[in-house]
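Quick notes on the structure that follows.
The values are calculated or read from the model by the stated rules, or taken from the named source; none is laboratory data. No experiment lies behind these values; they were computed from the predicted model shown. Note that we place each Cβ from the backbone using ideal geometry, even for glycine, and neighbour counts take in every protein chain shown.
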Amino acid sequence: MIDEIREDALERMQKSVQSLVDNFKKIRTGRAHPSILDTVRVSYYGSETPLSQVANVNVEDARTLTVTPWEKPMVPEIEKAIMKSDLGLNPSTAGMVIRVPMPPLTEETRKGYIRQARQEAENARVAIRNIRRDANSDVKELLKEKEITEDDDRRSQDAIQKITDSSIAEVENHLQTKEADLMEI
C-alpha cells in the first residue's frame, strides 16, 4: 500500500516536471529550434492538427525555421496558424516553403522571458509540494486506520521527501538551463 502511494507520487511529480519542460518550449530563445512550433495547431480538413503532422519543420540557419507543407493548399492555413499563435512570429511564404524568422531578443524581452520561466518553475515546485502533501496525508490516513506502524509512516515520509527533493532539483536544473539559453546572445 505504501509502495503504491510512493509510486503514484513519483509518477505525478515526473508529470509536473515534464509539464514544465513543455512550458519551457513555448518560451522562445533567440535561436531557431523546431520545438518552438510544437504548440501550433493547424485546421486540417476541419480538425485541429499539430503542425508537425501536416508539414516538415527544419532549421535553415541560426535564426530561421523553414516549414514545408506536405500539401500545397495547406500553405495559407499554416501561415495563419503561426501568426495566430502567441509566439510573436511573422512567417513569410515563398511558393511551397514558409520561412519563419526568429526576431532577435532585446534585453527587455529576455528579462520578461526569464521572469516567465521562473514563474513556470515556481508553479512546478508548488505542484510537486502539493503532491508530497497528498502522499503524506494518504500515509497518515493508513496510520490512523492502524494499517501501518509509526516506523513505516516515518520511513515512507522520508522516502516521499527524497522523491520530492530530487524532483525539485530537476526543476532547478531545467530552469538554470533555460535561463542560460535566454541570456546567450
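Identify, please: which residue in the stretch 64-83 is loosely packed, with under 14 Cβ neighbours inside 10 Å, free of Cβ contacts under 8 Å to residues at least 24 places away in the same chain and charged (D, E, K, R) and is, among those, nearest to residue 97 (Cα to Cα)? The qualifying residue nearest to residue 97 (Cα to Cα) is 71. If we keep just the residues of the stretch 142-177 that are among the charged types (D, E, K, R) and modelled with pLDDT under 90, which is surrounded by the most Cβ atoms within 10 Å (Cβ to Cβ)? If we take residues in the stretch 142-177 being among the charged types (D, E, K, R) and modelled with pLDDT under 90, then 153 is surrounded by the most Cβ atoms within 10 Å (Cβ to Cβ).
Within the stretch 61-76, the set of residues being at pLDDT 85 or above and within 21 Å of residue 26 (Cβ to Cβ) comprises 64, 65, 66, 67. Within the stretch 1-34, can you find the residues that are assigned to a helix (DSSP H, G or I) and closer than 15 Å to residue 117 by Cβ? Listed by number, the residues that qualify are 17, 19, 20, 21, 22, 23, 24, 25, 26.
Only one of these is in contact (Cβ under 8 Å) with a residue 24 or more places away in the chain, within 19 Å of the chain's Cα centre (by Cα) and assigned by TED's automatic domain parsing to the domain that holds residue 146: 12, 6. Name it.
Values: 6 fails: within 19 Å of the chain's Cα centre (by Cα).
Only one candidate passes the filter, namely 12.
Of all residues in the stretch 24-63, those that are exposed (fewer than 14 other Cβ atoms within 10 Å of the Cβ) and more than 30 Å from residue 172 (Cβ to Cβ) total 9. Checking the structure you have, find out if any residue of the stretch 35-58 is among the hydrophobic types (A, V, I, L, M, F, W, C), modelled with pLDDT under 85 and either part of a strand (DSSP E or B) or over 22 Å from the mean Cα position of the chain (by Cα) (or both). The answer is no, given that none of the residues of the stretch 35-58 is among the hydrophobic types (A, V, I, L, M, F, W, C), modelled with pLDDT under 85 and either part of a strand (DSSP E or B) or over 22 Å from the mean Cα position of the chain (by Cα) (or both). Residues that are out of contact with any Pro (no Cβ under 7 Å at 6 or more places or on another chain), among the small types (Gly, Ala, Ser) and touching a residue at least 40 places away in the same chain (Cβ under 8 Å) occur at least once in the stretch 30-47.
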